[in-house]
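Engineer: One structure follows; several queries about it will come next.
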Amino acid sequence: SASAEPQDLRNLDMSIVYCTGDDIETTCLHALTEGQTREYEKELSQSVLIVDEVDGMIFDKGPASEKEFNDTEFGEWVNTWLNQLEMTGQIEKDYEDFRAAGESSGQIQKEVEQAYHAAQTKKEGKDWVERGGGLYMLDPKTQMVQEHAWSLWLEILRRQKKGTPIRYRYVKAILCRLQCFRTYACIFGLTGSLGQEAEKKYLLDYYDAATFNVPFFLDTCRTDEEPPKPSVNDVVTIVGEDGDGSGEAYRKGTSGSIGTLVERREEYARVDFGDGKGLWYLDECITKCMTSKKAPTNIGTQDICDSMEAQEAAVVELAAAKCMEVPVLILAANPEAVYRLAGALREYLGEWWGEDTGGVLELLHNPRNPQEFVEIVGRSTEPLDIGADEEGNPLKAWRVTITTAEGGRGHDYRVVDPVIDDNGGLCLILTWVPWSEREWIQFLGRTSRQDHAGQYAVILNGQSEQVKLALPKKKPEEKIPITILKEGDLETAKKLLGVGDEIRRAKLMHQLSGLYWIALKAEETDKGKDWSWKKLCEEYTKMKYDIIKANFKDILPDVEVKDEIVIQVSQEKSDRANQGPVPGPTPPTKGKGSAGSAAATAATSTKTTAAATATATATATATATATTSQGQAAGPSPTSTQAPSPSAASTAGLASADSSPSGDQSMAEMTCAKCGHVARVPWRLDRAAPRRKCEKCGTRTVMSAFLPAHDSVI
């Protein structure tokens, strides 16, 4: 049976649950804080998990997730000290008060003073926003509302503006996201974009993942007739990555992408992906795309304006002209820009339309009414009646919707009127370039969806920090958005370098969090131990592995902490903990079920015997450079981590292998990702993971199980 309800993640009657990455974390956290981590992992060891937008969980959020909890007693202290600050400008140091003694009270007093002054410097629309009567923090990078984010300065603002008492919270649990994934027998993670080489290498190193394209639904309905040779201006599909030798690095991962053939030279063809990238391929590496899917057309010159005022004037002028033909979607950098552009457009269009007709929509997430966002997305492509001409014929225009990054990913702006396609499709106007190739692909994917036409323009502010940093690095033939994206990808690569140590620490803190909460539920902690645990959660990223364990031993000396068995990732030589024997990947099935292509990352995670304090990880991560199931622009496609249950694994060839290792030598069981053939090679847990090609078909194999020597099995 299957379900799309997050509460069914622990329902043993459900084998497949469709959910988000946040749902996984919430369920895992609930089990951990109830002291039921082992029971939770056992419950889900045969379950299948489907995760939407999995790239955001794996890459953007980092290896660990910090979980905060209220502390009522500390909250009372904070409210008292804040009253003193507001009345006298300082916290009274009453040394006869028990709170004035000890590290915790002194530290919280410093926190209150710092947050009180910080609250006075925070700007609405940049650091925080008010939505639905509530105050929320904005992500400094994406400017998206962080619905559940907590900060003491934000609590102080809420008290000052809304009169609500301070809630004092601090981190009491650390979740390792990879650990959350490994609980399931099979995971399919879907996304419209997977990223560049750094992200793919990360998935390969730490999830053993292999990526794949899910074809467009309309393509699966067609015959197997061989398509004709493509001509210039034809839409083509990339089927190989060989070219003229000059752009090899950029061609990597483009197999499966959709583009337009724009030029031919002898046996080479140049393909434009609608995102400013034109790459040369051998003729044999492209085929005419037999779907009506089109890459979006760049209708702008990717202008760089002299100032923010000039930029916004250019955006308003283009949007006003285009909305007479098609719906317009503007992606602004932050909520402040949304409000400014909306006001300017209403004033500009008011000269044509007269009274406000609701033609300009502000699309911003309201955590207190999430359905409002969905309803605005639904209205954004509806036509607008703006009266009649001199002869009495009705005049029709289209709405202009202005949003931030939160409206640029995962939402379907549905186009149903054929007039829109005739006029070039929904018009997307980008006022900034996102922080990664993955987000750029997602943004462009809001237009040219399914089998519809699409168009976009990029209008940038030359005085923005982003453009200033990119201009000196721009090559003569390069467009500025591509330069910015390259810099973002370099930053991502730097961030992912050496992430093995972060994962190892996160996994340890995940284990320690479970042990701490068992002690907390058994009332074996006190305020002093709670405070020491708070400090460890705040500072563990700067500590070495053994120091973290020693600190935890000081907090709860009677609790046993098991050691991990650590292996090295070959080539990178970065530590990572093993995660239990896993069956080899079964052939991938179609993700998301409808139109478009979605890549899936198969991540297997079955538990090992109780003897092993660590587990071995194998994931088949499917990476693809094509359009998403909604029909977005060419680029890396969705990921899904997949691991079949033991019964499924046996059908892939595990049943043909012996059920026990030979003699007293431990073995690694290697399963072919293509044909399912199983072979065994000698291997020990203290060595680098083996790399082998299938002896039958030559495809790369993944380690599907660790078979310990007889005398090591308990």
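Engineer: So how do R251, R680, R692 rank on accessible area, 1.4 Å probe, biggest first, that is with the largest at the start?
Structural biologist: Numbers: R251 10, R680 60, R692 115 Å².
The ranking, largest first, comes out as R692, R680, R251.
Engineer: Next question. Distance between the C-alpha centers of the stretch 126-150 and the stretch 501-549? Whole Å please.
Structural biologist: 29
Engineer: In nm, to one decimal, how far is the modelled label at K110 from the one at E248, with both set 7 Å along Cα→Cβ?
Structural biologist: 5.4
Engineer: Taking H as built 1.01 Å from N, whose amide H comes closer than 5 Å to the amide H of I330, not counting residues under 5 places away?
Structural biologist: Placed amide hydrogens put T401, I402, T403, I429 under 5 Å from I330.
Engineer: On a 1.4 Å probe surface of the protein chains, which of H117, H510 comes out largest in accessible area, and what is the full order? Kindly include the intermediate steps, with their values, before the conclusion.
Structural biologist: On the way: H117 105, H510 10 Å².
The ranking, largest first, comes out as H117, H510.
Engineer: How much accessible area does E53 have with a 1.4 Å probe, in Å² rounded to the nearest 10?
Structural biologist: 50
Engineer: Only bridges whose two residues both fall in the stretch 1-147 count here: according to DSSP, what percent of them are antiparallel, nearest 5?
Structural biologist: Taking every DSSP beta bridge with both residues in the stretch 1-147, the antiparallel ones total about 45 percent.
Engineer: Using per-residue counts of other Cβ atoms within 10 Å, averaged over each peptide, order 542-554, 188-200, 316-328 from highest down.
Structural biologist: Numbers: 542-554: 14.2, 188-200: 26.7, 316-328: 20.3.
Sorting 542-554, 188-200, 316-328 by mean packing, highest first, produces 188-200, 316-328, 542-554.
Engineer: Where the accessible area of the stretch 90-192 is counted over protein heavy atoms with a 1.4 Å probe, how much of it, in %, is carbon and sulfur?
Structural biologist: Values: 2150 of 4610 Å².
Answer for the stretch 90-192 is 47 percent, counting heavy atoms of protein chains only.
Engineer: Give the ranking of V315, V419 by solvent-accessible surface, highest area first, calculated with a 1.4 Å probe.
Structural biologist: Values: V315 0, V419 60 Å².
So the residues, ranked largest to smallest area, are V419, V315.
Engineer: What number, in nm² with one decimal, is the all-direction average of the projected area of the convex hull of the alpha-carbon atoms of the stretch 436-541? All intermediate terms of the calculation are to be shown ahead of the outcome.
Structural biologist: Numbers: hull surface 49.4 nm².
If you wrap the Cα atoms of the stretch 436-541 in a convex hull and average its projections, you get 12.4 nm².
Engineer: Also: With every atom except the alpha carbons ignored, what do you get for Rg and Dmax of the stretch 8-71, in angstroms?
Structural biologist: Over the stretch 8-71's Cα set, Rg and Dmax evaluate to 12.6, 37 Å.
Engineer: Given a 1.4 Å probe and every protein chain left where it sits, what share in percent of the accessible area of the stretch 305-393 is carbon and sulfur?
Structural biologist: After summing per-atom areas, the C and S share lands at 47 percent.
The values are calculated or read from the model by the stated rules, or taken from the named source; none is laboratory data. Predicted, not measured: the structure shown is a model, and the values here were computed from it. Cβ atoms come from the backbone with ideal geometry, glycine included; neighbour counts cover every protein chain shown. With ligands, DNA and RNA removed, areas are computed over all heavy atoms of the protein, side chains included. Shrake-Rupley method; radii C 1.70, N 1.55, O 1.52, S 1.80 Å.
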